[in-house]
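The values are calculated or read from the model by the stated rules, or taken from the named source; none is laboratory data. Just so it is clear, the model here is predicted, and its values are computed rather than measured. Counting neighbours? That spans all protein chains shown, and the Cβs are built from the backbone with ideal geometry, glycine included.
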Amino acid sequence: MERSVTPPWNNHATNASVNFTRSSSQVRKKCVGTASGKVKHRQAGTSHLASRKTKKTRRNLRGTKVLSKTVLHQITMALAGHSS
């Protein structure tokens, strides 16, 4: 009896309806919640290859920024432990 084996790189066809989200442990390492309910995160694009960026860009990428309201609900749900 032959068994059909799906290669692992073609597994997305069977799992197309599954909604993948980041685990809460990853979100916990990248985001910090404030007392007022906002979520802060570190700006991307600062770790390497910064010499080719302008001084204004490097200056504006310093520090942390507040997340937009469009993804705030997803992040708060992940921080509360509701992500898979």
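Computed values, structure above
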| quantity | calculated |
| --- | --- |
| Per-region count, region 56-71, residues closer than 13 Å to G45 by Cβ and aliphatic (A, V, I, L, M) | 1 |
| Residue under evaluation R28, criteria (1) surrounded by 12 or more Cβ atoms within 10 Å (Cβ to Cβ); (2) modelled with pLDDT of 80 or more, criterion not met | (2) |
| Subset of region 25-69 [hydroxyl-bearing (S, T, Y), within 17 Å of L79 (Cα to Cα) and in a helix (DSSP H, G or I)] | S25 |
